[in-house]
Amino acid sequence: MLKSFKPIYSHNTIDEESLCNYLYNSDELFTPRLSDLVEIIEYSKKLFKYADFFEAKVKGNIIGLLVIYLNNAEGRKGYISTLCISKEYQRKGIAKDLINKAIEYSKRISFNEIQLEVYASNNNAIEFYKYIGFEKIKDLHNSQIMSLYLNNTKE
């Protein structure tokens with residue numbers, strides 16, 4: 001049982017090694033496992049080079065991470081690549097806080113939409129994203145693309 005805790009939220013403070021370690025140590029939390037889809041070291045390098053990070057920390061340790069690509073300035077569309085909360089901190093509002101921080105920042109830099117892909121078998125994640133306001137916009141083979149329109153604009 002966790003004692004009372006208050007996460008510290010930050011934006012782009014993670015270093016490349018900490019990113020790789022967090023993803024490696026969180027591998028089994030992904031559906032399917034992250035290591036079944038990518039080579040974690042190379043994936044970490046790509047993320048670190050091109051993405052933004054919203055981190056939740058307790059006592060200096062990362063307990064939650066949202067990774068979002070915000071490099072489509074012309075299309076003003078962001079893409080959440082990763083959302084992961086350490087097992088003992090799940091269902092405590094941290095994922096919602098991280099997404100809200102990413103949404104606020106995306107609006108601040110004039111983005112109109114955020115998309116993500118979620119596996120069809122990951123029902124908990126699908127329900128969570130629906131709760132936040134994401135809508136399914138496309139079915140793929142064994143996943144779906146969901147989108148959240150910011151500022152009530154569908155473009």
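Counted over the range 3-155, the DSSP beta bridges are approximately 90% antiparallel. When the chain is modelled as a GNM with alpha-carbon springs shorter than 10 Å, which of K77, K92, K101 fluctuates the most? Of K77, K92, K101, the Gaussian network model singles out K92 as fluctuating most.
For the range 8-112, the gyration tensor built on C-alpha atoms gives an oblate shape. Its axis ratio a/c (a ≥ b ≥ c) is at least 1.5, and a/b is not larger than b/c. Electrostatic bookkeeping for K46 treats Lys and Arg as +1 and Asp and Glu as -1; over the other residues with beta carbon under 14 Å from its beta carbon, the sum is -2.
Across the range 1-113, C-alpha contacts under 8 Å between residues 6 or more apart give a mean separation that, scaled by the residue count, equals a relative contact order of 24 percent.
With 31 Å as the limit, the listed pairs K59/K138; K49/K101; K6/K136; K92/K136 have K59/K138; K6/K136 beyond it between alpha carbons.
All of the numbers you see were taken from the coordinates with simple rules; none came from a lab. Please read these numbers as outputs of a predicted model, since none were measured by experiment. Reconstructed Cβ throughout: ideal geometry from the backbone, glycine too, with neighbour counts over all protein chains shown.
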